[in-house]
Amino acid sequence: MSAKDTIALLAGGVLVVSFIGGTKSSPATAASPLNNTSGTLPGLAPITKDTDKVSARTLIKGLRVKDRGPKTGYERTRYGDNWADTATDVPYARNGCRTRDDLLARDGLDVKYRQGSRCEVVSLRLTDPYTGRTIDWRKEHADEIQVDHVIPLAYGWRMGTPRWSMAKRLDFANDPLNLLPVDGAANEQKDGSGPAGWLPPQHRIRCAYVTRFAQVAGKYGLPVTREDKNTMLAQCR
């Protein structure tokens, strides 16, 4: 297959288009989380309509609440190897590409792949939902864009994931619903915090962010702390 050939795959009901050593230049228009329950649409658009804020608050109100447990025993490897394509029951699973590359391709503009590869992203342009800045990214400066777990893995560990099967933890760590390519510095500032401890610097995205947080928590039956739930509700007034 030549560098200009396009492969179209229908995987898990999602159309995934890969370019062998080429460029993906189609617009990555950010989607509202309320219209993106699979996590396969790009980005994170603000929630601004009052009716949508009501829907977001209804979603958040349905979350279970519990106290945060200890971090004892937590290691990244408890969720599998970093970005390995080993999950089984989420979009993009077992498609032959690392999860990080799948998410860079989902959200980036002018995405370029390594020559001869349909997976390895080497450059792109990203409008970061957390800060609003535009990042012209190259792989040699990989950490400038990091793929954030909306619900951090360490947070999940403290809220109950040690009791999950390894397969469920793998899905949680590689589910595109729980993943956003973002400004690396903002992601490092967030660390393992819930919404009560950290929110995106860009205020207009905060309702969308906590809505996505609630979607992931609801999908996996993961509780949140009372403080986090109250903070989430406050973002969508």
Exercise for review: Considering the options 152, 223, 80, tell which one lies farthest towards the positive end of the dipole of the chain, charges being +1 on Lys and Arg and -1 on Asp and Glu at the Cβ, about the Cα centre.
Suggested key: 223
Review point. Per residue, what volume in Å³ does the convex hull of the Cα atoms of region 85-237 enclose?
Key: 105
Review point. What is the distance in Å between the Cα centres of region 29-103 and region 157-205?
Key: 8
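Pairs to check: 71/190; 112/229; 49/168; 49/219; 53/112. Give those whose C-alpha atoms are more than 28 Å from each other in this structure.
112/229; 49/168; 53/112, as the Cα separations exceed 28 Å there.
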Revision key, fill the gap. Per region 67-154, sqrt(5λ) over the Cα gyration tensor eigenvalues, sorted largest first, in Å, gives 26, 18, 11
**Study point:** Fraction of the pair-distance distribution of region 36-108 above 15 Å, Cα-Cα pairs, percent
**Key:** 72
Review point. Want the number for residue 50 to residue 81: 0.36 nm per residue separation, take away the alpha-carbon distance, what's left?
Key: 7.0 nm
**Study point:** Square roots of five times the Cα gyration tensor eigenvalues for region 141-186, Å
**Key:** 23, 11, 8
Study note, to complete from the structure: With all protein chains present and a 1.4 Å probe, the order of 166, 232 from largest accessible area down is 166, 232
**Study point:** Orientation-averaged projected area, Cα convex hull of region 167-237 (nm²)
**Key:** 4.9
Point to revise | the chain, relative contact order in percent, only Cα pairs under 8 angstrom and at least six apart counted | key: 27
Exercise for review: Under a cut-off of 17 Å between alpha-carbon atoms, report the aspartates and glutamates in cross-link reach of residue 66, not counting same-chain residues fewer than 8 places apart.
Suggested key: 227, 228
Study note, to complete from the structure: Shape descriptor, region 103-187: equivalent ellipsoid semi-axes (Cα gyration tensor, sqrt 5λ, whole Å, largest first) stand at 27, 16, 9
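The values are calculated or read from the model by the stated rules, or taken from the named source; none is laboratory data. Quick caveat, the model's predicted, so the values are computed rather than measured. Heads up, the Cβs are rebuilt from the backbone with ideal geometry, glycines too, and the neighbour counts pull from every protein chain shown. Surface accessibility is based on the protein's heavy atoms, side chains included, excluding ligands, DNA and RNA. Shrake-Rupley method; radii C 1.70, N 1.55, O 1.52, S 1.80 Å.
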